[in-house]
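K.L.:
Dropping a structure here in structure tokens format, bear with me for questions.
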Amino acid sequence: MEIYVGNLAYATTDDGLKAAFAQYGEVTAVRVVTDRMTGRSKGFGFVTMPDAAQAQAAIDALNGHELDGRTVRVNESQPKPREERRGGFGGGRGGFRGGDRGPRRETRW
């Protein structure tokens, strides 16, 4: 079961998050989401626990409790909703596909 952990302190690391959840059972994966440009935590992460009962026990125990000085929100991860895409490249109008660009200039060599 994948678990969402929100409102993490910026100082929380993968190892710290794993230690908090390992008290409740086996943890197979941990990922604190970071900003690509700065490398700083975005304040949330995900923990994967293979046993659903252990995962639920961790959710019940840690949700609303303090971790690294912040009260965290812990719940079962929900799939990200996908937006319906229309059209081809970019899905919108315009771009470099022509359209009305006004009169063309004549080029003389």
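K.L.:
Out of the residues in region 35-51 that are at pLDDT 95 or above and over 15 Å from the mean Cα position of the chain (by Cα), which is surrounded by the fewest Cβ atoms within 10 Å (Cβ to Cβ)?
P.N.:
Looking at the filtered set, the residue picked out is Pro50.
K.L.:
Still on this model: Output the residue which, of all residues in region 7-20 that are more than 20 Å from Gln54 (Cβ to Cβ) and of a type outside the set (S, T, N, Q), is nearest to the chain's Cα centre (by Cα).
P.N.:
The extreme case among them is Leu8.
K.L.:
Go through region 1-57 and give me each residue that's under 19 Å from Arg73 (Cβ atoms) and touching a Lys or Arg at 6+ places or on another chain (Cβ under 7 Å).
P.N.:
Listed by number, the residues that qualify are Gly6, Asn7, Leu8, Ala9, Tyr10, Asp14, Val27, Val30, Val33, Thr34, Gly45, Phe46.
K.L.:
Starting from region 56-77, keep only residues that are more than 11 Å from Gly6 (Cα to Cα), then list their pairs with residues that are outside any strand (DSSP E or B) whose Cβ atoms are within a distance under 6 Å, requiring at least 6 positions of separation or different chains.
P.N.:
Ala57/Tyr24; Ala58/Phe21; Ala58/Tyr24; Asp68/Ala9; Asp68/Ala11; Asp68/Thr12; Gly69/Ala9
K.L.:
Considering region 4-41 alone, what residues qualify as being in contact with an Asp or Glu (Cβ under 6 Å, 6 or more places away or on another chain) and assigned to a strand (DSSP E or B)?
P.N.:
Selection gives Val30, Val32.
The values are calculated or read from the model by the stated rules, or taken from the named source; none is laboratory data. Computed from a prediction, not measured in an experiment: that's the story for all the values here. Backbone-built Cβ (ideal geometry, glycine too); neighbour counts: all protein chains shown.
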